[in-house]
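Engineer: Questions regarding the structure given below will be posed in turn.
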Amino acid sequence: MTRPARVSAAGWGWRYAGRRAPAVRDVSFTIEPGERVLLLGASGAGKSTLLAGIAGLLGGADEGEVSGSIRIDGEPAETQRGRVGLVLQDPDAGIVLSKVGDDVAFGCENLGVPAGEIPVRISEALDAVGLDVPLDRPTKNLSGGQKQRLSIAGVLAMRPGVLLLDEPTANLDPDGVREVRASVERVVGDTGATLVVIEHRTEVWVDLMTRVIVLDAAGGLLADGAPEAVFAAHGDALAAAGVWVPGHPVDLPVLGPLPGATEPVLVARRLAISRDGRSVVCRDLDVAVPRAAATVIAGPNGAGKSTLALTLAGLLPEREGEVTASTELAGRRGRRPAHWSSRELLTRIGTVFQDPEHQFLAQTVQDELAVGPRALGLPAAEVDRIVDGLLERLHLSSLARANPFTLSGGQKRRLSVATVLATGPRIVVLDEPTFGQDRRGWMELVGLLQEEIVRGTSVVAVTHDAGVAHHLGGRRIELTASAPREAAA
């Protein structure tokens, strides 16, 4: 049976190797066994680093410098890894093996659980998260919500005393969010495990929590207490610091209706899309991307949103049908983006991938932003002007010399958007542009996209975030298992 654990931090901090400033500093608290804690803070405040510290996953002196201590039931966290289970925000990141049953068993096998006991643990863990699928079901065939529940099941099978969830619903559609939220509630109700959740979607989790801890980016804690007390006493200050506070509206305008009829910049006719070039994800798509407006692609996980976005961006070939660009956009390069070179795409269609790390090339944030402008052969002074402006606009100036891979999730996302905008493309295609963003970062990104649209840029955004669709306006394409629906947003 699960024995809930106590988590205590005393003046704890961590500085990554190669970084001058600590990611977290001077954090102290005690979480009693069975408490359910929502861990909040602005992007870059160190929430994920703290969770990694609690899980005992931070390396030795070659990876960084630690101060203070974190203990699990009085013992150093790094010696208690079997007592702590961590689930990450990317559903695919927590899956190791190709079959459901094998994947749930993986952690138990690494802990040396007797072989005869493992099948019982697998069954109990899958029941706890409500994942009723055959044990030999290929993990690649699960939906996003099912994959996240599988990741939680794999952790539960180890029977940890502490369950740590790092933005577990960040990349899920609304149904997946509800699935995971219900599973976690059922799990903590049945096991009594201590729970710590990082999540920008505070409204999804707040009623399950007994406590809110807010990290201060400058060190220590901004607030700590019962959710209703913390939000009542500090709501305005927390919102100003970047925390998503329930009931605090976003002070951003909403873009008006689509402009008058003009030639679309991209048109897809009878399009069939495929990620691997063989199996068709969706077919018979007719899509027109309007000039100087937003096109939002929505729908459940697995419907083909990302595949459609990459096909429109010219990065995946059409399986059937074709995507053509306007004559003005194409120039003399032919009208099919799939036939353009990377240099020809550079100022025409810029793409922000769902995983920011998939597009990082340089050793520093500053050099990362300069990659595109330098590829265009711009003068050094112009490159510096573009880079400095984006660093300031997206609150990355203090991280100019940092390695992009050491940034927080929200900072990586802002950097990935900035690298694409640095070359001034006519069309920007973004896959989940606001995931992992605190309130301030979200407003900056959405505001920046609004400015791009007003300047004449066409924006295509794949998103589960209803707020993005609302504030960008434009056209909405809803992909389903059967066929897309298109309407004004």
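The values are calculated or read from the model by the stated rules, or taken from the named source; none is laboratory data. Remember, predicted model here, so these are calculated numbers, not experimental data. Note that each Cβ is placed from the backbone with ideal geometry, even for glycine, and that neighbours are counted across all protein chains shown.
Engineer: Of the residues GLU344, GLU368, GLU382, only one is surrounded by fewer than 21 Cβ atoms within 10 Å (Cβ to Cβ), of a type outside the set (Gly, Ala, Ser), modelled with pLDDT of 95 or more and not in a loop (DSSP other than H, G, I, E, B); which?
Structural biologist: Values: GLU344 fails: modelled with pLDDT of 95 or more; GLU368 fails: surrounded by fewer than 21 Cβ atoms within 10 Å (Cβ to Cβ).
From the options GLU344, GLU368, GLU382, the qualifying one is GLU382.
Results for (1) hydrophobic (A, V, I, L, M, F, W, C); (2) closer than 22 Å to GLU328 by Cα, shown as yes or no for each residue.
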{"position": "GLU263", "(1), (2)": "no, yes"}
{"position": "ALA268", "(1), (2)": "yes, yes"}
{"position": "ILE273", "(1), (2)": "yes, no"}
{"position": "CYS282", "(1), (2)": "yes, no"}
{"position": "VAL287", "(1), (2)": "yes, yes"}
{"position": "PRO290", "(1), (2)": "no, yes"}
{"position": "ALA294", "(1), (2)": "yes, yes"}
{"position": "ILE297", "(1), (2)": "yes, no"}
{"position": "PRO300", "(1), (2)": "no, no"}
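Table: residues versus (1) surrounded by 19 or more Cβ atoms within 10 Å (Cβ to Cβ); (2) in contact with a helix residue (DSSP H, G or I) (Cβ under 7 Å, 6 or more places away or on another chain); (3) assigned to a helix (DSSP H, G or I).
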| site | (1), (2), (3) |
| --- | --- |
| GLY59 | no, no, no |
| ARG71 | yes, yes, no |
| CYS108 | yes, yes, yes |
| ALA125 | yes, yes, yes |
| ASP136 | no, yes, no |
| LYS147 | yes, yes, yes |
| LEU163 | yes, yes, no |
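Engineer: Inside segment 329-341, can you point out the residues that are at pLDDT below 90 and either among the basic types (Lys, Arg) or under 13 Å from VAL267 (Cβ atoms) (or both)?
Structural biologist: Answer for segment 329-341, where residues must be at pLDDT below 90 and either among the basic types (Lys, Arg) or under 13 Å from VAL267 (Cβ atoms) (or both): ALA330, ARG332, ARG333, ARG335.
Engineer: For segment 454-476, give me each residue that is in a helix (DSSP H, G or I) and buried (at least 19 other Cβ atoms within 10 Å of the Cβ). Give the derivation first.
Structural biologist: The initial filter retains those residues of segment 454-476 that are in a helix (DSSP H, G or I), namely 454-455, 466-472.
Across segment 454-476, the qualifying residues are VAL468, ALA469, HIS471, LEU472.
Engineer: Something else about it: Of everything in segment 388-407 that's within 14 Å of VAL417 (Cβ to Cβ) and without any contact (Cβ under 8 Å) to a residue 60 or more places away in the chain, which residue is surrounded by the fewest Cβ atoms within 10 Å (Cβ to Cβ)?
Structural biologist: GLY389
Engineer: Here's another thing I want to ask about it. Show the residue pairs meeting these rules: Cβ distance below 7 Å; 6+ apart or different chains; first residue within segment 438-467 and within 22 Å of VAL177 (Cα to Cα); second residue in a helix (DSSP H, G or I) and of a type in the set (Ser, Thr, Tyr).
Structural biologist: VAL462/SER306
Engineer: Sort through ALA375, ALA338 and tell me the only one that's under 30 Å from LEU479 (Cα atoms), of a type in the set (A, V, I, L, M, F, W, C), assigned by TED's automatic domain parsing to the domain that holds ARG278 and surrounded by fewer than 19 Cβ atoms within 10 Å (Cβ to Cβ). Full working, then the answer.
Structural biologist: Numbers: ALA375 fails: under 30 Å from LEU479 (Cα atoms).
Of the residues listed, the single one that is under 30 Å from LEU479 (Cα atoms), of a type in the set (A, V, I, L, M, F, W, C), assigned by TED's automatic domain parsing to the domain that holds ARG278 and surrounded by fewer than 19 Cβ atoms within 10 Å (Cβ to Cβ) is ALA338.
Engineer: Residue check: is VAL204 in contact with a helix residue (DSSP H, G or I) (Cβ under 7 Å, 6 or more places away or on another chain), part of a helix (DSSP H, G or I) and over 23 Å from ALA23 (Cβ atoms)?
Structural biologist: Spelling it out, VAL204 is indeed in contact with a helix residue (DSSP H, G or I) (Cβ under 7 Å, 6 or more places away or on another chain), part of a helix (DSSP H, G or I) and over 23 Å from ALA23 (Cβ atoms).
Engineer: Evaluate segment 431-447: report whether one residue or more is modelled with pLDDT of 95 or more and not hydroxyl-bearing (Ser, Thr, Tyr).
Structural biologist: Our first condition is that a residue be modelled with pLDDT of 95 or more; within segment 431-447, this holds for none.
Checked segment 431-447: no residue is modelled with pLDDT of 95 or more and not hydroxyl-bearing (Ser, Thr, Tyr).
Engineer: So in segment 73-88, with the set limited to residues that are part of a strand (DSSP E or B) and either without any contact (Cβ under 8 Å) to a residue 24 or more places away in the chain or in contact with a Cys (Cβ under 7 Å, 6 or more places away or on another chain) (or both), which one is farthest from GLY53 (Cα to Cα)? Write out each step before concluding.
Structural biologist: At the first step, the residues of segment 73-88 found to be part of a strand (DSSP E or B) are 75-76, 84-87.
Subset that is either without any contact (Cβ under 8 Å) to a residue 24 or more places away in the chain or in contact with a Cys (Cβ under 7 Å, 6 or more places away or on another chain) (or both): 75-76.
On the way: GLU75: 13, PRO76: 10 Å.
By that ranking, first place goes to GLU75.
Engineer: Right, next: Of all residues in segment 182-201, count the ones that are surrounded by fewer than 21 Cβ atoms within 10 Å (Cβ to Cβ) and under 18 Å from the mean Cα position of the chain (by Cα).
Structural biologist: 1
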